[in-house]
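The values are calculated or read from the model by the stated rules, or taken from the named source; none is laboratory data. Note that this is a predicted model, so its numbers are computed, not measured. Quick reminder, even Gly has a Cβ in these numbers, built from the backbone with ideal geometry, and neighbours come from all protein chains shown. Note: accessible area is taken over every heavy atom of the protein model, side chains too, but ligands, DNA and RNA are not part of it. Shrake-Rupley method; radii C 1.70, N 1.55, O 1.52, S 1.80 Å.
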Amino acid sequence: MDQVALAIAIAGAALVLWALTNCLRRRINAPAADQIVLKLARAGNVDRIAKLAEAAPRSYLEVYAHAIRAASASENKDPVTIAALTHPAFDRHAAVLEKAWRTMAMTGLAGAALGAVGLYLGYTQHSTPQHLRAIGGLAVLSGVWFLFHLNDITHAVKNGRSEVLPEIDRAFTGIALESAE
């Protein structure tokens, strides 16, 4: 039975490791990134925002790149047209990003649960070798990280939509450039 407990704990740890690796690859400091994007948008440097987003593929910045591509495709630069292009592009790709993040976080939580089950089985059989405690314990502790960071992308997208996206729209319409002069 202790081999079963260890196998379950290892499976849980493997799921946690996979999910954590994928989450950390996508994770950036969204408030700091938003400040940089805001400065670039206010200066009218939407091309630099797109380059910044390309430097962090599959991250939160990618939603801005999609919004910029949508606005760049239009010859008409009036505010209503630009907003009608950027906001749906932003929302569409933000939804994809949020779904991917939530899937990875839930996979990590499932791995943490498996680690806990492995530990529980070991304790009920009065067989908890040190490697079972280490593997199961780390899987369970990783679950705490996933719980705390479950909504990181959702909060970042919400703030980006309300604060940064309007500045990108203004950069395309020229309003931000005219008000700076």
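Being in a helix (DSSP H, G or I), among the basic types (K, R) and within 22 Å of K99 (Cα to Cα) is a property that R48 lacks.
Which residue is least open to solvent (accessible area, probe 1.4 Å), if the candidates are limited to the stretch 82-125 and must be closer than 29 Å to R58 by Cβ and of a type in the set (S, T, N, Q)?
Selected residue: T86.
Return a yes/no flag: does the stretch 137-154 have any residue that is over 21 Å from L15 (Cα atoms) and open to solvent by less than 30 Å² (accessible area, probe 1.4 Å).
First, the residues of the stretch 137-154 that are over 21 Å from L15 (Cα atoms): 154.
Retained after the next criterion (residues that are open to solvent by less than 30 Å² (accessible area, probe 1.4 Å)): none.
Scanning the stretch 137-154 turns up no residue that is over 21 Å from L15 (Cα atoms) and open to solvent by less than 30 Å² (accessible area, probe 1.4 Å).
Residue pairs whose Cβ atoms lie under 8 Å apart, sitting 6 or more positions apart in sequence or on different chains, and linking a residue in the stretch 3-30 that is outside any loop (DSSP other than H, G, I, E, B) and basic (K, R) to a partner that is at pLDDT below 90 and loosely packed, with under 15 Cβ neighbours inside 10 Å, are R25/R58; R26/R58. Just name the residue that is nearest to V157 (Cα to Cα) out of those in the stretch 5-41 that are among the β-branched types (V, I, T) and surrounded by fewer than 20 Cβ atoms within 10 Å (Cβ to Cβ). The residue in question is I28.
Residues E163, E167: which one is open to solvent by 70 Å² or more (accessible area, probe 1.4 Å) and charged (D, E, K, R)? Break it down stepwise before answering.
Details: E167 fails: open to solvent by 70 Å² or more (accessible area, probe 1.4 Å).
Residue meeting the stated conditions: E163.
As an exercise: evaluate G44 against (1) open to solvent by 60 Å² or more (accessible area, probe 1.4 Å); (2) modelled with pLDDT under 90; (3) farther than 27 Å from S142 by Cβ and give the number of the one condition it does not meet. For G44, the exception is condition (1).
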